[in-house]
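> Dropping the structure in here first, questions after.
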Amino acid sequence: MQLRCGLEPRSLAALALLLAGAAVLAATHFWSGRPQSVQAPERVKDAAAAPASSGPRGAGLFPGPSVGSPPTPASGGRIVVDVSGKVRRPGIRHLPSGSRVADALRAAGGVRAGADVTGLNRARVLADGEQILVGLPAVQAAAGGTAGGSGSGAVRAGPAAPVSLSTATVEQLDTLPGVGPVLAQHIVDYRTEHGDYRSVDELREVKGIGDRRFADLRPLVRP
């Protein structure tokens, strides 16, 4: 090499060192770039081993809401209904939310003997502010309500034609909401004592009729 290329011994030694260093670098690069096996972390292994039935998201890796029945809202609250007609204790009743017509009738002391409740759905769930009229024939639905008491919030307006206070019998007056046989007799007795009714306002003078009951009866009667 020295004779052919004219290299000095010092230059030849430097070239040899350069070639050796290049060979070492090439060997190191090749060794570090070889394929290596990688071991999965323990948490990933545990998640992969979990049964498929644990849920669609997988336990531990993708937390999410548990699968099950939706929570049932806590029951509570009160409603106010007006029970009128042929019941023993007509008036306002405070009942638990979800109560039915049968519960309102029971709270009002039950239906009076002889009352016709054929068209009354006792299994219907009550709504707050509802009025239940019991045993009234030939009724009409109030504005915005549903006749027959079959729907939620149904309100009965009373007899189709106003009852004449001057000619009605005790039996006819007994069909009015909140009027029983005793009060019906008081209405007739007042008529007997003072003559025919000249105005519906005279009902205020009858024993047993207060402001609330008069307000309920006023649209259902005439002099």
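The values are calculated or read from the model by the stated rules, or taken from the named source; none is laboratory data. These numbers come from a predicted model, not from an experiment. Cβ placement follows ideal geometry from the backbone for every residue including glycine, while neighbour counts extend to all protein chains displayed. For accessibility, only protein heavy atoms count, side chains too; no ligands or nucleic acids. Shrake-Rupley method; radii C 1.70, N 1.55, O 1.52, S 1.80 Å.
> Answer yes if at least one residue in the stretch 59-78 is open to solvent by 60 Å² or more (accessible area, probe 1.4 Å), under 31 Å from the mean Cα position of the chain (by Cα), at pLDDT 90 or above and at negative phi, and no otherwise.
Checked the stretch 59-78: at least one residue is open to solvent by 60 Å² or more (accessible area, probe 1.4 Å), under 31 Å from the mean Cα position of the chain (by Cα), at pLDDT 90 or above and at negative phi.
> Considering every residue within the stretch 95-103, establish whether at least one is of a type in the set (Val, Ile, Thr), over 21 Å from Gly119 (Cβ atoms) and either more than 23 Å from the chain's Cα centre (by Cα) or modelled with pLDDT of 90 or more (or both).
The answer is no; no qualifying residue exists.
> Would you be able to tell me the number of residues in the stretch 4-48 that are assigned to a helix (DSSP H, G or I), modelled with pLDDT under 65 and open to solvent by less than 80 Å² (accessible area, probe 1.4 Å)?
Selection size over the stretch 4-48: 3.
> Identify the residue in the stretch 102-114 that is touching a residue at least 12 places away in the same chain (Cβ under 8 Å) and farther than 17 Å from Val179 by Cα and, among all such residues, is surrounded by the fewest Cβ atoms within 10 Å (Cβ to Cβ).
Going through the qualifying residues, I end up with Ala102.
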